[in-house]
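Bear in mind these aren't lab numbers, they're just calculated from the coordinates by the rules spelled out. Owing to the predicted nature of the structure, the values given are computational and were not obtained by experimental measurement. Note: ideal-geometry Cβ built from the backbone for every residue, glycine included; neighbour counts use all protein chains shown.
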Amino acid sequence: MLKLPPLSLYIHIPWCVQKCPYCDFNSHALKGDVPHQEYVDHLLADLNADLPMANEREVTTIFIGGGTPSLLSSQAMQQLLDGVRDRLPVSPQAEITMEANPGTVEANRFSGYQQAGINRISIGVQSFSPDKLVRLGRIHGPDEAKRAARLAASLGLRSFNLDLMHGLPNQSLDEALDDLRQAIALSPPHLSWYQLTIEPNTSFGSRPPVLPDDDALWDIFSQGHQLLTAAGYQQYETSAYAKPGYQCQHNLNYWRFGDYLGIGCGAHGKITFEDGRILRTVKTKHPRGYMQGRYLDKQNQVENEDRPFEFFMNRFRLLEMMPKQDFSDFTGLSEVSIHTQIEQALAAGYLSETATHWQITQKGKLFLNSLLELFL
Ligand SMILES: C[S@@+](CC[C@H](N)C(=O)[O-])C[C@H]1O[C@@H](n2cnc3c(N)ncnc32)[C@H](O)[C@@H]1O
Ligand code: SF4
């Protein structure tokens, strides 16, 4: 029997002061001012259109991502979150995160965001090296990043996160570890530590920089992982580390195949219905079209044959034990339907199991694509 998973809400803010050369997120360099009021009105109209899908279910987490949400004024944030709360039941314990770029952080705005209901801030630090920040096209230096982190810590939020990247152009092992040490010294409850990937359709994609080779990347990962573990951070996903009790609930819901409404330019949504349908939605990507009121770009149903792959593609990112029951609860399929594939995965050493749980092994992580192919 299919069960409805928890429901989250993602809100996309599509502007940045300038475009970073490595970034392929749906973000556009700002020309002129942010249309605060107009965009919030569109977000709420977009949400109105999605409300029938939510069917009055309670929202357990909200994530305001970008782009650079910290370009939005605190008044606009207040209006946006008030508008959300007027339309949907938001759990009183909901984790409400917003992303912030250190180059756009102002002290009084941060406390305004907090008053609006934000209880978790995710700060895009990337590196503490002045040279690397220039090479990454960032609009801030290391001091602004530290100031933003201290400000987040001083507000007494439920949690805050720092985003760091490693494997940067010409980065040495020492430089990568030094970034981690400086981040750890700021005591964030959560640390996202991404390996830089070169994406097509970015400046780095057309003119690739020289990156550390595979051996150097492995040294950075293994020694960095040790440093984080020794400082009390537990890895719970490929790039996500948290102090115990501080995992990002919003991302956990994605990776556990939870439901989410997605509003704003290019936002993705996934909704399960009582009758067993699972629907994916994609909103209009470009602010121009979106702000003409054309919100929904595409929607499609997730057919039964595609559900095992989609479920495991998300779920295998997490290192936690996975209750077998979640598979049938959230896909509506019986465990028997994937019996052969699970047996193959166990035989290949990609998975281990107990009577009630599956868990991905070290080998499974290393050969993730082969493991996932079994479910295609
Ligand atoms: C959508 S950005 C949001 C943060 C905010 N816009 C900022 O940059 O300060 C989320 C994070 O993804 C990471 N990221 C973006 N592009 C990446 C890439 N090509 N490789 C690895 N990590 C990347 C960065 O750490 C970034 O902070
Ligand atoms: S500020 Fe963040 S979202 Fe904007 S271009 Fe840079 S990495 Fe991408």
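When DSSP assigns beta bridges and you keep just the ones with both residues in the chain, what percent turn out antiparallel, to the nearest 5?
40
Compare the peptides 87-94, 17-24 by average per-residue count of other Cβ atoms within 10 angstrom and give them in order, highest first. Spell out each step's value before the answer.
On the way: 87-94: 14.5, 17-24: 16.9.
Packing order, densest peptide first, comes out as 17-24, 87-94.
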**Prompt:** Using the Kirkwood formula over every pair of different C-alpha atoms, what hydrodynamic radius in Å results for region 278-376?
**Reply:** 15.1
**Fill in**
Once the in-chain neighbours fewer than 8 apart are removed, the lysines whose Cα is under 18 Å from K132 read K19, K146
**Asked** So how far apart, in nm, are the two label points at D41 and Q226 if each is 7 Å from Cα heading toward Cβ?
**Response** 5.9
**Message:** Cα atoms only: what Rg and Dmax, in Å, come out for region 202-322?
**Reply:** 19.0, 52
**Asked** Structure shown: which of K285/K324; K31/K298; K243/K285 lie over 31 Å apart, alpha-carbon to alpha-carbon?
**Response** K285/K324; K243/K285
**Request:** Report the Stokes-Einstein translational diffusion coefficient (µm² s⁻¹, integer) for region 186-234, Rh taken as the Kirkwood radius over Cα pairs, at 25 °C with viscosity 0.890 mPa s.
**Result:** 189
**Request:** Let me know the Rg and Dmax you get for region 207-267 when you use only its Cα atoms, in Å.
**Result:** 16.2, 41
**Prompt:** Most exposed first by the Cβ proxy, i.e. fewest other Cβ within 10 Å, how do W193, W358 rank?
**Reply:** W358, W193
**Complete:** Sorted by number, the cysteines in the chain with no other cysteine beta-carbon under 4.7 Å are C16, C248, C265
**Complete:** Across A267, A152, A231, the residue with the highest GNM fluctuation in the chain (Cα network, 10 Å cutoff) is A231
**Prompt:** Add -39500 (n - 2.57) for each DSSP H run of 4 or more in the chain, then divide by its residues: what number comes out at 222 nm, to the nearest 500 deg cm²/dmol?
**Reply:** -11000 deg cm²/dmol
**Request:** In Å³ and rounded to a whole number, note down the convex hull volume per residue for the Cα atoms of the chain.
**Result:** 142
**Surface/4 estimate of mean projected area, convex hull on alpha-carbon atoms of region 109-242, nm²** = 8.6
**Request:** Treat the count of other C-beta atoms within 10 Å as a stand-in for reagent exposure and order D213, D131, D179 from fewest to most.
**Result:** D213, D131, D179
**Asked** Packing-wise, with mean Cβ within 10 Å as the measure, how do 35-45, 247-257 rank, highest first?
**Response** 247-257, 35-45
**Message:** What's the ranking of 65-74, 214-223 by average number of surrounding C-beta atoms within 10 Å, highest first?
**Reply:** 65-74, 214-223
